[in-house]
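The structure under discussion appears below in the form of structure tokens.
Each value in this text was obtained by applying a stated rule to the coordinates, not by laboratory testing. On a predicted model such as this, the values are computed, not experimentally measured, just so you know. Virtual Cβ from ideal backbone geometry, glycine too; neighbours counted across all protein chains shown.
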Amino acid sequence: NTINCSAVISACESAGEWEKALQLFAASAQQKLKSDTITFSAAISAFGKGNEWMKALHLFSVMPQRVVRLDVITFSATISACEKSGEWQKAWQLFGLMSQGRIETDAISSSAAISACAKGGAWKAALHLLGIMPQSRVETGTTTLNATMNSLGKGAAWEKALQQFGVMAHIMVQADTISISTAISASEKGGYWEIALQVFNAMRQRQNDSNIVSFSAVISACRKHSEWQKAFQLISVMAQCQVESHATELSGVIFNSAISTCERYHTWGEALQLLTVMSSCNAELDICSLNAAIAACEKSGEWEKAL
């Protein structure tokens, strides 16, 4: 019957078996079983997970024709489907339809719409959505603020991204590794190396997981402002934490950049130490690494070390 069918489709969708969920949905239509809001919402979510946003929108549009009630779960599933496929304008339109249909938004629908705007680089739209959340009595959480910060970062609005990071502490929302990495990246791109370092140190003091993204951003921030000693210290810490274990290619880029900085400042000893660190943490030594280290030795008059 309809209830059992809805339950099974929802279970398949929740378990990540979106293809099976869609097969069951198609079978229920062939058997002329009446689909309810739960069934449609599960099928729309399944299409979203399969990056079939147009099919998700089609199901959404069919619901009123079949006199099936649209609710916040249906809207959230459809907005998420558009978000996953980068269709931020569609997600924006759907979010607007919720107020027109007097359907209260929630944190899931708001976060999905903001995330969609982030992917589309529409940071002004993301900020607008964030601003109306209190009016709708929707609690602003970590996921929503992370999505907003991501949108601002992609739109080169780095100062605004950092402002949102400050808002998290003000409204007592717990920052996670994503929040902190985004703030560090915004600081680096905006040229605020001291802020990047402060946020990074605060992350480590609070025992948040340090990942390759946060390390890369803060090292890059220090390097760009000729703070090579701090960059060198951070690389040593990175090696100790072994964050490079799942991203050795990116770590290689960081090391090459740091060794090039050593060449620029004629600090041959640090350049050779970096080569040793690269070897110890299994980062790939390439021609760029070796050439930069040799050049550092040569410019410092240490030709024997270069050999």
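Relative to the current alpha-carbon distance between GLN135 and ARG69, full extension at 0.36 nm per residue lengthens the span by 21.3 nm.
Residue ranges 174-180, 185-191, 41-47 sort as 41-47, 185-191, 174-180 when ordered by packing (mean number of other C-beta atoms within 10 Å per residue, highest first).
Just to verify a number: FRET efficiency for ASP36 and ARG206, C-beta to C-beta distance, R0 = 30 Å, to 0.05?
The formula returns an efficiency of 0.10 here.
Taking K and R as +1 and D and E as -1, what net charge do the other residues with C-beta under 10 Å from the C-beta of ALA81 add up to? Let's see the in-between values first.
Numbers: positive: LYS49, LYS55, LYS84, LYS90; negative: GLU52, GLU83, GLU87.
So the surrounding residues net to +1.
Listed by chain and number, the lysines whose C-alpha is less than 30 Å from the C-alpha of LYS124, apart from same-chain residues fewer than 8 away, are LYS49, LYS55, LYS84, LYS90, LYS154, LYS160, LYS189, LYS224.
Which of rounded, prolate, oblate describes the stretch 77-212, given a ≥ b ≥ c as roots of the alpha-carbon gyration tensor eigenvalues and a/c under 1.5 marking rounded, otherwise prolate only if a/b is larger than b/c? Numbers along the way, then the final one.
Details: a/c = 2.25, a/b = 1.81, b/c = 1.25.
Taking the square roots of the gyration eigenvalues as a ≥ b ≥ c, the stretch 77-212 is prolate.
A full extension of the chain between MET54 and LEU290 corresponds to an added length of 79.9 nm, given 0.36 nm per residue minus the alpha carbon distance.
Set the Förster distance to 41 Å, then compute FRET efficiency between SER226 and MET172 from the Cβ-Cβ distance, nearest 0.05. Mind showing how you got there, number by number?
Working: r = 37 Å, r/R0 = 0.91.
Efficiency for this residue pair is about 0.65.
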